[in-house]
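Peer 1: Provided herewith is a single structure, encoded as structure tokens, for subsequent inquiry.
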Amino acid sequence: MNEQSNIAEYEWNASDYARHSAPQQEWARELIDKLRLKGNEHLLDIGCGDGKVTAEIAKHLNKGRVVGIDNSENMIALAIQEFPVSQYPNLFFRQADASELSFHQEFDIVFSNAALHWVIDHRPVLRGIYKALKPDGKAIVQMGGKGNAANVVEILNEILRESPWNEYFKDFSFPYGFYSPKEYEPWLQEVKFKVQRLELKPKTIVHEDIEKFKGWIRTTWLPYLCRIPENLKNRFIDLITRRYIEKHPPGSNGEIKTAMQRLEFIVGKEQ
């Protein structure tokens, strides 16, 4: 395994992310439906981001409670501001590292959407999830999987070899944990999870226009952007966009599509 990515080193613009994270919210709703909530569960949301998905879950748990954690101080601050306890008394946010969870048999469900691919070594995360779950608990997780956004990655790899950009990416390694089910299953078994489902699911992001695509690049591909000097970032984003559009032209309404791969699993705690 590679060393774990340090997601905390990235300075998230939480409000910008919130404006360009509609696809993640749509995927989260699909996961929420699969939870089949009764309304009294205690749920942990790992990588809650700006909190809008966590707040949506809280509405389903009128007799339960939800804790959302994220490594980004900016994200947690925005979540607390947008979804205060005065309006969401069963919803709590906390800054925490997914690899250093401190919960012990507190939750019926652990949920995570579009977050754990920010971590390279998932084994400490999975151990923490196992400990956080009650004996009959379950976890449902979706994240970027093997081959995720391959067309974007291909263009980034091309640009990173070119001048002047190559000087900003010395000693750079791929910052995401995009894994296949074959790679992932041994880690789940090592933690003694009972695997109910583990699969790679193709999805497509549809960006309404070029500006939406640029916003997605700016907020989702942060490990690349943070390497670029501030005065060159817009130029870098414009170059990625131009190269992408050359290979994948917009549709008749100006929409831009990106093929994605999502790794999804549902696991239970072995008795």
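Please treat every number below as a calculation from the coordinates, not as lab data. Everything quoted here is computed from the prediction, not taken from an experiment. Quick reminder, even Gly has a Cβ in these numbers, built from the backbone with ideal geometry, and neighbours come from all protein chains shown.
Peer 1: Where does each of ILE76, ILE210 land when they are ranked from fewest to most other beta-carbon atoms within 10 angstrom?
Peer 2: So the residues, fewest neighbours to most, are ILE210, ILE76.
Peer 1: Quick one: plug the Kirkwood hydrodynamic radius of the chain (C-alpha pairs) into Stokes-Einstein at 37 °C, 0.692 mPa s, and report D in µm²/s.
Peer 2: In µm²/s, the coefficient rounds to 170.
Peer 1: So, in Å, what gap is there between the alpha-carbon centers of the range 112-139 and the range 146-169?
Peer 2: 30 Å
Peer 1: For q = 0.12 Å⁻¹, what log10 I(q)/I(0) does the range 55-167 give under the Debye formula with an equal point scatterer on each alpha carbon and no solvent?
Peer 2: -0.57
Peer 1: On to the next question. Given Cβ point charges of +1 (Lys, Arg) and -1 (Asp, Glu) and nothing else, what value in debye, to the nearest 20, does the dipole of the chain about its Cα centre take?
Peer 2: Using Cβ point charges on Lys, Arg, Asp and Glu, the chain gives about 740 debye.
Peer 1: Under 8 Å for C-alpha pairs, at least 6 residues apart: give me the relative contact order for the chain, rounded to a whole percent.
Peer 2: So the answer I get is 21 percent.
Peer 1: Of the beta bridges DSSP finds with both residues in the range 131-271, what % are antiparallel, to the nearest 5?
Peer 2: The antiparallel proportion sits near 95 percent.
Peer 1: With a point put 7 Å past each Cα toward its Cβ, work out how far ARG29 is from VAL85 in nm, to one decimal.
Peer 2: Between ARG29 and VAL85, the simple spin-label model gives 3.0 nm.
Peer 1: With springs only between Cα atoms under 10 Å apart, run a GNM on the chain and tell me which of MET75, MET260, MET143 wobbles the most.
Peer 2: Greatest mean-square fluctuation among the candidates belongs to MET260.
Peer 1: Another question, then. Regarding the range 109-222, what are the three Cα extents along the principal axes, ordered largest first, in Å?
Peer 2: On the principal axes, the range 109-222 reaches 53, 35, 22 Å in Cα extent.
Peer 1: While we're on this one: Need one number: % antiparallel among DSSP beta bridges in the chain, to the nearest 5.
Peer 2: Just about 50 percent of them are antiparallel.
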